[in-house]
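Values in this text are rule-based calculations from the coordinates and carry no lab data. No experiment lies behind these values; they were computed from the predicted model shown. Cβ sites come from the backbone with ideal geometry, for glycine too, and all protein chains shown count toward neighbours.
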Amino acid sequence: MIAELGHFALILAFAVSIAGSVAPLYGAHRGWSDWMTLATPAATALFALVCLSFAALTWSFVTSDFSVRLVVANSHSLKPMIYKIAGVWGNHEGSLLLWVLMLALFGAMVAAFGRNIPTGLKARALGVQSLIACGFIAFMLFTSNPFERLFPAPFDGADLNPLLQDPGLAFHPPFLYLGYVGLSMAFSFAAAALIEGRVDAAWARWVRPWALAAWAALTVGIGLGSWWAYYELGWGGFWFWDPVENASFMPWLAAIALLHSAIVVEKRSSLKNWTILMAILAFSLSLLGTFIVRSGVLDSVHAFAVDPERGVFILLLLVVAIGGSLALYAWRAPSLKSEGVFAPVSRESGLILNNLLMMSSCGVVFAGTMAPLVREALTGAKISVGAPFFDLAFTPFMVLLAIALPLGAMTPWKRGDAGKVLSKLWWAAAAALGAGALVWGVQTGTSPAAPIAMALAAWVALGVAAEIAERAKVGSAPLAENWRRLARAPRADWGKWVAHFGLGVTIWGVAAITAWTVEDIRVARPGESFALGAYEVTFDGVTRAQGPNYVYERGEFHVYRDGVQVAHVYPEKRIYTETRTPTPTTEAGIDNGFTRDLYLVLGDPQVGTGGVPTGAWAVRAYVKPFANWIWGGAILMALGGCLSLTDRRYRVGAPTRAAQAHAAMAPAE
Amino acid sequence: MAMTRKKRRIMFLAAGALAMTGATALAVVGFRESIVFFMPPAELLAKAPGPEQRLRVGGMVVEGSVVRGQGETVRFTLTDYEGSVEVAFAGVLPDLFSEGQGAVAEGYFREGRFEAREVLAKHDEKYMPRNVADTLKTPPPGT
């Protein structure tokens with residue numbers, strides 16, 4: 001009954017999405033204001049209906065209703081509650097429903113908070129958003145209905161893939177989708193602006209919060225995915241350049257470009273065409289990502305479902321959305337006039353450089369991701385493009401970006417003086433070079449990667465410090481004045497500083513883990529000790545026990561440094577017993593530290609002749625230096641985005657509320 | 001000197017062209033150096049590529065061929081039902097790796113044996129690596 005209700009709500013939502021796109025778009029075209037104002041209630045109704053549908057599916061999972069096929073395939077009555085809920089989106093159909101839920105949520109938020117957006121623009125933006133929702137709901141209803149019943153209902157379910165029964169992954173898809181779909185709002189605004197033929201600073205202020213929110217969510221989503229891979233897949237890799245990872249990474253890069261170019265539109269009324277194009281590309285890459293993940297056209301360690309029919313449907317959506325928007329762009333963009341003028345050395349030029357580097361690196365990732373597909377279509381040869389390609393082709397852009405970032409961020413708008421900028425940053429440059437030299441001197445081995453990356457990371461971080469010092473007028477004003485100036489700095493500027501600093505932190509983490517990981521694979525007997533870098537590891541033995549829906553073998557290790565115990569680590573091998581066939585998983589034992597992780601994995605028990613266990617175990621041990629800095633930096637970046645989002649100038653509906661706030665809190669400045 | 005719109009456009013295009021050229025050059029060099037070919041076991045045995053060529057081989061893991069617990073290296077046999085190759089791997093096998101299922105190994109073909117640096121296995125009940133599915137010549141006997 002509940003499942004039918006959900007299905008019915010979804011069908012209603014489909015009808016509402018058609019009405020919500022056709023009426024406002026046509027009304028705006030004809031200038032009928034009553035048709036245009038339909039956009040707001042339609043967006044709200046769409047959200048309510050999709051919510052109902054999602055709630056119905058969640059209910060089916062929570063109550064383990066095994067007459068619903070999806071629940072049977074992905075859940076089990078004994079599974080912990082959090083994974084029953086995560087099971088809703090841990091599969092193809094449910095994750096699509098989550099996609100549409102987010103899409104409707106963003107539309108409803110614009111409808112609710114965007115009271116001061118001009119009626120025409122709002123109607124068109126919501127109309128386009130509704131159109132996208134329409135496409136995806138149709139996709140669900142026709143090829144991937146989550147509410148399909150199963151008769152007769154089996155006694156129990158097949159359980160969720162044990163690899164997915166993990167807190168890191170439970171929340172990975174919602175964040176990723178929040179990001180993907182958030183970019184749809186920027187896309188809808190871009191399409192609306194193209195139809196209107198007008199882009200101004202106010203437009204950029206409406207687009208930026210959505211792009212920022214989407215980007216911050218994507219950052220968290222990608223970070224969670226990478227963190228999950230790090231501790232779950234059993235060898236401490238944090239990024240694989242896998243097609244599915246690239247699928248989320250490309251929109252992330254494009255969103256960065258969009259964020260930065262939207263600033264230029266807002267402050268300087270320049271780069272309008274380009275910003276519109278970025279908004280279109282960012283969401284197109286999100287759609288492409290969905291296509292790659294959902295169609296399984298590319299071999300991927302993360303592909304969870306492969307179905308050609310669905311692939312064709314998404315490809316169709318992709319072609320219509322991307323082709324349509326690019327055609328609209330080609331037709332209408334030339335009419336958008338940019339006004340601001342600027343010199344070659346200026347903040348504008350710096351932001352253009354940022355955009356070029358972001359889009360070039362994105363292009364390289366795109367080429368590497370799609371190459372196997374193209375190559376096979378053309379020559380029939382099957383190839384794979386792995387980390388070596390991306391290390392070679394992607395890294396140079398990030399190096400250039402890190403070099404340029406502090407310079408560009410320090411340069412004033414319109415026209416800058418290169419000498420002046422350098423004079424404010426020379427100490428940061430000197431300190432960064434010093435840090436690089438120090439690392440070069442201290443490290444064993446001759447890889448230049450770590451010293452260079454250290455210098456870059458320090459340069460980015462110190463560049464932020466220099467910028468803050470400049471803003472506070474450190475040295476040229478009394479301390480109290482320094483503080484006052486910092487306290488008055490807009491949240492958007494704090495967001496910029498925190499996010500840029502986070503980038504420095506991540507660069508350092510990636511460089512350190514890549515250059516200095518220590519690895520050891522051996523067979524160890526209980527009681528045996530072995531050296532791991534500067535550490536001494538003692539293997540105490542293995543115990544067996546029972547978890548909620550699995551049995552496990554747990555190894556016990558003590559780690560010493562200079563004779564002092566520093567960690568106690570318990571890696572596990574689990575066997576999930578409630579799945580169709582018992583499924584083993586490996587849980588690494590990790591001791592997290594500020595400057596290093598100790599990472600231990602229990603391998604296979606050793607057997608002697610005749611299959612008699614010898615008591616020894618294969619053991620893999622790693623020291624992963626500065627591992628946590630990778631995700632720490634990602635958190636800082638996302639935090640920076642959120643800080644910037646809370647800047648009252650960018651709040652949706654800002655002008656009216658800011659005016660009221662000012663009136664209430666006067667005197668200002 | 002503030003720039004005119006025309007000058008700015010020229011600068012923009014020049015910078016864009018430079019970035020494009022850089023990206024293309026890097027991608028081309030990258031492809032030349034680091035592309036990894038995929039082949040089924042039969043093709044691997046027929047072509048016998050050199051010991052320094054990194055490649056991927058994929059097929060079904062032969063039932064009963066997996067040797068675990070003899071030191072840190074795991075051995076198993078991959079087959080496409082036309083040819084079979086023994087794979088040696090010193091590392092962590094993916095959790096869903098198992099006998100009678102599809103798997104892909106990446107590494108080097110040396111002295112008649114495949115030395116894997118990385119092993120990928122299917123991720124859930126439905127999933128079979130697409131390259132493996134495409135190249136399997138005959139279905140497993142008895143199904």
Revision key, fill the gap. The stretch A:49-73 and the stretch A:550-627 have their Cα centres apart by a whole-number Å value of 37
Review point. Any idea what the alpha-carbon Rg over 2.2 N^0.38 Å comes to for the stretch A:182-412?
Key: 1.06
Check your understanding: Separation of the stretch A:345-385 and the stretch A:515-537 by C-alpha centroid, Å?
Key -> 40
**Study point:** Projected area, mean over directions - the protein assembly as shown, Cα convex hull, nm²
**Key:** 38.2
**Study point:** Neighbourhood charge, 10 Å Cβ-Cβ cut-off, centred on A:P625 and excluding it, Lys, Arg +1 and Asp, Glu -1
**Key:** +1
Check your understanding: What is the fewest-to-most order of A:M140, A:M370, B:M11 by other Cβ atoms lying within 10 Å of their Cβ?
Key -> B:M11, A:M370, A:M140
Review point. For B:R75, what charge total do you get from the other residues with a beta carbon under 13 Å from its beta carbon, if Lys and Arg give +1 and Asp and Glu give -1?
Key: -3
Point to revise | Top positive-direction residue, dipole computed over the stretch A:154-268 with Cβ charges, set A:A262, A:L183, A:A214 | key: A:A262
Check your understanding: For A:514-522, what's the mean count of beta carbons from other chains sitting within 10 Å of each residue's beta carbon?
Key -> 1
Check your understanding: Roughly how many debye, to the nearest 20, is the charge dipole of chain A about its Cα centre, given +1 on each Lys and Arg Cβ, -1 on each Asp and Glu Cβ, and no other charges?
Key -> 2480
Review point. Kirkwood-based Rg over Rh for the stretch A:518-628 (C-alpha set), two decimals?
Key: 1.00
Point to revise | Counted charge near B:G112, where neighbours are those whose Cβ lies closer than 14 Å (Asp, Glu -1; Lys, Arg +1) | key: +1
**Study point:** In the stretch A:144-229, the chymotrypsin sites (Phe, Trp or Tyr not before Pro) that fall in loop regions by DSSP, at most 11 other Cβ within 10 Å
**Key:** A:F155
Check your understanding: Do the sum for chain A: with -39,500 (n - 2.57) for every DSSP H run of n ≥ 4, divided by all residues, what is the mean residue ellipticity at 222 nm, to the nearest 500 deg cm²/dmol?
Key -> -21500 deg cm²/dmol
Review point. Dipole size in debye (nearest 20) for the stretch A:182-412 around its Cα centre, Lys and Arg Cβ +1, Asp and Glu Cβ -1?
Key: 680
**Study point:** Cβ neighbours within 10 Å from other chains - mean over A:601-611
**Key:** 3
Check your understanding: Based on the alpha-carbon gyration tensor of the stretch B:23-73 and its eigenvalue square roots a ≥ b ≥ c, which shape applies: rounded if a/c is under 1.5, prolate if not and a/b is larger than b/c, or oblate?
Key -> prolate
Check your understanding: If you place +1 on the Cβ of every Lys and Arg, -1 on the Cβ of every Asp and Glu, and leave all else neutral, what size is the dipole of the stretch A:1-160 about its Cα centre, to the nearest 20 Debye?
Key -> 480
Check your understanding: At what distance in angstrom do the alpha carbon centres of the stretch A:173-250 and the stretch B:10-48 lie from each other?
Key -> 26
